[in-house]
1. Calculate what fraction, in whole %, of the accessible area of segment 22-100 sits on carbon and sulfur atoms when a 1.4 Å probe is rolled over the protein chains.
2. As I understand it, the value is the acute angle between the Cα axis of helix 85-99 and the longest principal axis of the Cα atoms of the chain; what does it come to in degrees, rounded to 10?
3. Determine the per residue accessible area of the chain with all protein chains present and a 1.4 angstrom probe, expressed in square angstrom.
4. Quick check: the angle from helix 31-58's long axis to the longest principal axis of the chain, C-alpha only, nearest 10 degrees?
5. Looking at the chain, how many pairs of lysines come closer than 22 Å at the Cα, when each pair is eight or more places apart or spans two chains?
6. Given the convex hull over the Cα atoms of the chain, what projected area results after averaging over all orientations, in nm²?
7. Which order do you get for Ser38, Ser31 if you rank them by accessible area with a 1.4 Å probe, largest at the top?
8. Rounded to the nearest 10 degrees, what's the angle between the helix 63-82 long axis and the longest principal axis of the chain, both from Cα atoms, 0 to 90?
Amino acid sequence: MRRIDIIYVGLGIFLAGGLVFLLLQLVGLDSQQAGIWSQAVLVFGLIGWLLTYLFRAGTKQMTYNQQLKDYEEAVLQKRLEEMTPEELEKLQAEIEEEKK
C-alpha cells in the first residue's frame, strides 16, 4: 500500500465517523450521545478489522505469503520445463521409490 493510500484510508475513516455522528443526530440523539455512539461504532469497526487481520495472519492468507507461494511454484514449474526427458524419468523413478 502506498503512502497516499494510507492518507485516503485515514481521511475516509475520519469522514465516516463524521457521517455516523451526523446520522445519529438526525435520528434524534443529542450531540454528546451521538459523539459517544459514533466513537463506539468506529472502535468496534477497528476491533473487527483487527480480528480479521489476525485471522488472515494466523492462517497465512496474507498477500506476501501468497506471492511467495506463487513465486515458488513458478520457479519449480520453470525448472521442470527445463529438465531433459532423461532427468524427468530419473526424477519420476526417485518419487516412485520414495512412495514404496
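1. 61 percent
2. 70 degrees
3. Here the residues of the chain average 91 Å² of exposed surface.
4. 10 degrees
5. 5
6. Computed as one quarter of the Cα hull surface, the answer is 11.2 nm².
7. Sorted descending by solvent-accessible area, the residues read Ser31, Ser38.
8. For 63-82 against the chain, the angle is about 20 degrees.
The values are calculated or read from the model by the stated rules, or taken from the named source; none is laboratory data. Source: prediction; values computed, not measured. When we count neighbours, we look across all protein chains shown, and the Cβ atoms used for this are built from the backbone with ideal geometry, even at glycine. Heavy atoms of the whole protein, side chains included, go into the accessibility calculation; ligands, DNA and RNA do not. Shrake-Rupley method; radii C 1.70, N 1.55, O 1.52, S 1.80 Å.
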